[in-house]
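Take a look at the structure below.
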Amino acid sequence: MQATSSPVIRDEEEGLTKQPQARVIPDLDTLKRSDLQFNKLQHLDEEINQDNKYFGEFVAREAVLDEEYWTAAWLRAESHWEDRPNERYAESYKRKFADQEYNALKRRCRGYHGQRSTCLITVKKEDKKVKNTILKSVVGTLDLSIRYLSQGESFPGERVQAPLFCSIERKEASRYGYVANLCVAKSARRKGIAINMLKFAIQSAKLKGADMIFVHVHRKNTPAQELYSKLGFEVVDVASLQLVEEQMYLLCCKT
């Protein structure tokens, strides 16, 4: 799964007529891995030493545990296959998709080509007396990466005449944030999760020295465009030929 495009956002801001459905949790017996514990309980907030964003009954923060990364990957698999619930072997394909995305996500978060990605998640606030497993606790996810514009670029993907072997300027002025893979569990929609995760992503990008943050959205995904617009994202007027062919918009927001 590529990190350069965002899955269709299906959240409370879309005004969907669908009623929230119970979240599908994979069969633990078929998902056991030697290094993952799918019955592990979610940590309490005080057990995780990092900046969090609290809203309602949820908390947005960076993923910490491998099980959180895998659950984020599973949410993306559910989102990817959401419109094809009755397709033959759908559950098997979702598990394979989740495993592949988990491995790719861990690689991106370790950093590659000098660009490091962060997996942000939203989890349910935990009661000290009653704790959920991580699989049931993580209800939202997105990727935030800090990147650098190529020499001469004013936005990602812009075609410029740059000197050979001078493709990236690692200067503060060229640093920007990029959001991808935003999705929310069906059972937790219409509760402000998507917009609050995006606010947290914008704040995180600013703290990391990025003055701008970008995201790609499909031209037909009007609800997603409206969601980003509420946070100040605007369409970049000049688009590459590839974006036109792929029916995508590039949106930008100042942090």
### Task
Give me a count of the residues in segment 214-238 that are crowded, with 18+ Cβ neighbours inside 10 Å and aliphatic (A, V, I, L, M).
5
### Summary
Among the residues of segment 196-213, the number that are surrounded by fewer than 24 Cβ atoms within 10 Å (Cβ to Cβ) and within 19 Å of residue 63 (Cβ to Cβ) is 8
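Within segment 161-172, identify whether any single residue is touching a Gly at 6+ places or on another chain (Cβ under 8 Å), modelled with pLDDT of 90 or more and assigned to a loop (DSSP other than H, G, I, E, B), and answer yes or no.
No, segment 161-172 contains no residue that is touching a Gly at 6+ places or on another chain (Cβ under 8 Å), modelled with pLDDT of 90 or more and assigned to a loop (DSSP other than H, G, I, E, B).
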### Query
Does residue 193 fit the bill of being surrounded by 14 or more Cβ atoms within 10 Å (Cβ to Cβ) and in contact with a helix residue (DSSP H, G or I) (Cβ under 9 Å, 6 or more places away or on another chain)?
yes
## Note on the structure
The helices (runs of 4 or more DSSP H) lying entirely within segment 1-114 that contain at least 1 residues which are surrounded by fewer than 18 Cβ atoms within 10 Å (Cβ to Cβ) and at pLDDT below 65 are 28-31
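The values are calculated or read from the model by the stated rules, or taken from the named source; none is laboratory data. Everything numeric here is computed off the predicted structure, so don't read it as measured data. Neighbour counts are summed over all protein chains in view; Cβ atoms, including those assigned to glycine, are modelled from backbone coordinates with ideal geometry.
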